[in-house]
Amino acid sequence: MRVRPGRPDLRDHAQWFDTPAATPESPLTVTWAGVTTLLIDDGSSAVMTDGFFSRPGLLSVALRRIAPSPPRVEGCLSRLRIDRLDAVLPVHTHFDHALDSALVAERTGAVLVGGNSAARLGRGHGLPENRISAVRSRDTVGFGAYDLTLVESGHCPPDRFPGVIERPLAPPVRASAYRCGEAWSVLVRHRPTARSLLIVGSAGFVPGALRGTRADVVYLGVGQLGRQPERYLRDYWAETVRPVGARRVVLIHWDDFFRPLHRPLRALPYAADDLDHSIRVLAALADEDRVALHLPVLWQRDDPWR
């Protein structure tokens, strides 16, 4: 396949950056902080997926050992106005999701939630066992005001670092040590309001896995999706958005995660992904199903239930 040079221009997709912003009356908000890092917060209780803030550069990832950057993690937590979390949940354990998860849990008093690979990341970081929760598919666990249900999912092909993390992992290590581990779709239900959202962290799926699940909103990972044939995109939508009956979809995991968060976001290059192709196909599917489609704005507190 011939690879196009350059990368998509986000200005071509400006119309989609219109996720409803939160108001002072919003009882529950979602804030996107790049890739699949989402803060779900009701003002007194909060959970987070991933917490990936260090974002080491491409050369470091390719040639060196990598480790969390405490200054970057602390700076981003401060920007999010978060000092306490009930849970941190990496959607799988590749470095662009889980590099900082244990450090975020340590800094915020959160429990690190995931499969066995995530648990081994926590142990390698030195988290005590009472701050690690290893779960299985379809388990529902309660943290703060939330019920979290983890449903087995898959990674978008190709998975460059497949397999599981087999022993406690203590950075610095090569990026390849962050094996995918267990991949999840995460259903978050806010008990006080009964509002729900589904977070699909990677553009993969297990056929039929979400049947019988319901969610008001889907945060849909699209990393590498644009390199797939159109049939795959249609199947992905049919296995994630349609089964849960969501009326709003917000696309995540499209930004260049080698670029630090203090610089303007840009899309992944065409060599890795094609956001233009993803939006073209998904927008048509959303129109067909009468679903609102959006791209999130970095750091903006949103109320996707508005």
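The values are calculated or read from the model by the stated rules, or taken from the named source; none is laboratory data. None of the values given here were measured: they were computed from a predicted structure. All Cβ positions, glycine included, derive from the backbone under ideal geometry; neighbour counts span all protein chains shown.
When R189 is tested against the conditions (1) crowded, with 23+ Cβ neighbours inside 10 Å; (2) assigned to a strand (DSSP E or B), the lone failure is (1). For region 191-203, the set of residues classified as over 16 Å from F143 (Cβ atoms) and free of Cβ contacts under 8 Å to residues at least 40 places away in the same chain consists of A194 only. Just so you know, in region 192-203 the residues that are polar (S, T, N, Q) and in contact with a helix residue (DSSP H, G or I) (Cβ under 9 Å, 6 or more places away or on another chain) include one that is surrounded by the most Cβ atoms within 10 Å (Cβ to Cβ), and it is S202. When I279 is tested against the conditions (1) assigned to a helix (DSSP H, G or I); (2) out of contact with any His (no Cβ under 8 Å at 6 or more places or on another chain); (3) more than 30 Å from E25 (Cα to Cα), the lone failure is (2).
Would a scan of region 135-144 turn up a residue that is crowded, with 21+ Cβ neighbours inside 10 Å and either in a helix (DSSP H, G or I) or of a type in the set (F, W, Y) (or both)? No, the conditions are met nowhere in region 135-144.
Residues are listed down the side, and each one gets a yes or a no for (1) surrounded by 23 or more Cβ atoms within 10 Å (Cβ to Cβ); (2) in contact (Cβ under 8 Å) with a residue 40 or more places away in the chain:
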| site | (1), (2) |
| --- | --- |
| L10 | no, yes |
| A21 | no, yes |
| P24 | no, no |
| T37 | yes, no |
| V47 | yes, yes |
| S78 | no, no |
| D83 | no, no |
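Counting only residues that are among the aliphatic types (A, V, I, L, M) and touching an Asp or Glu at 6+ places or on another chain (Cβ under 8 Å), which one in region 259-292 is surrounded by the fewest Cβ atoms within 10 Å (Cβ to Cβ)? Among them, the one singled out is L265.
Can you report the number of residues in region 236-258 which are more than 24 Å from D303 (Cα to Cα), surrounded by fewer than 21 Cβ atoms within 10 Å (Cβ to Cβ) and in contact (Cβ under 8 Å) with a residue 12 or more places away in the chain? Qualifying residue count, region 236-258: 2. For region 58-75, the criterion of being in a loop (DSSP other than H, G, I, E, B), touching a helix residue (DSSP H, G or I) at 6+ places or on another chain (Cβ under 7 Å), under 28 Å from N116 (Cβ atoms) and in contact (Cβ under 8 Å) with a residue 12 or more places away in the chain is satisfied by at least one residue. Condition first: surrounded by 18 or more Cβ atoms within 10 Å (Cβ to Cβ), under 14 Å from the mean Cα position of the chain (by Cα) and touching a residue at least 60 places away in the same chain (Cβ under 8 Å). Can you find one or more residues in region 204-216 that meet it? No, region 204-216 has no match at all. The set of residues from region 87-134 being over 16 Å from E166 (Cα atoms), in contact (Cβ under 8 Å) with a residue 40 or more places away in the chain and assigned to a strand (DSSP E or B) comprises A87, V88, L89, S133.
Right, I165: surrounded by 15 or more Cβ atoms within 10 Å (Cβ to Cβ) and free of Cβ contacts under 8 Å to residues at least 24 places away in the same chain or not? For I165, the condition - surrounded by 15 or more Cβ atoms within 10 Å (Cβ to Cβ) and free of Cβ contacts under 8 Å to residues at least 24 places away in the same chain - is not met.
Does L220 satisfy the criteria of being outside any loop (DSSP other than H, G, I, E, B) and either more than 19 Å from the chain's Cα centre (by Cα) or crowded, with 21+ Cβ neighbours inside 10 Å (or both)?
Here the answer is yes, as L220 does meet what is asked.
Does region 183-190 contain any residue that is under 23 Å from F143 (Cβ atoms), among the aliphatic types (A, V, I, L, M) and without any contact (Cβ under 8 Å) to a residue 60 or more places away in the chain? Yes, region 183-190 contains at least one residue that is under 23 Å from F143 (Cβ atoms), among the aliphatic types (A, V, I, L, M) and without any contact (Cβ under 8 Å) to a residue 60 or more places away in the chain. Please work out if D41 is acidic (D, E), surrounded by 14 or more Cβ atoms within 10 Å (Cβ to Cβ), modelled with pLDDT of 95 or more and touching a helix residue (DSSP H, G or I) at 6+ places or on another chain (Cβ under 9 Å). Considered against the rule, which asks whether it is acidic (D, E), surrounded by 14 or more Cβ atoms within 10 Å (Cβ to Cβ), modelled with pLDDT of 95 or more and touching a helix residue (DSSP H, G or I) at 6+ places or on another chain (Cβ under 9 Å), D41 comes out as no.
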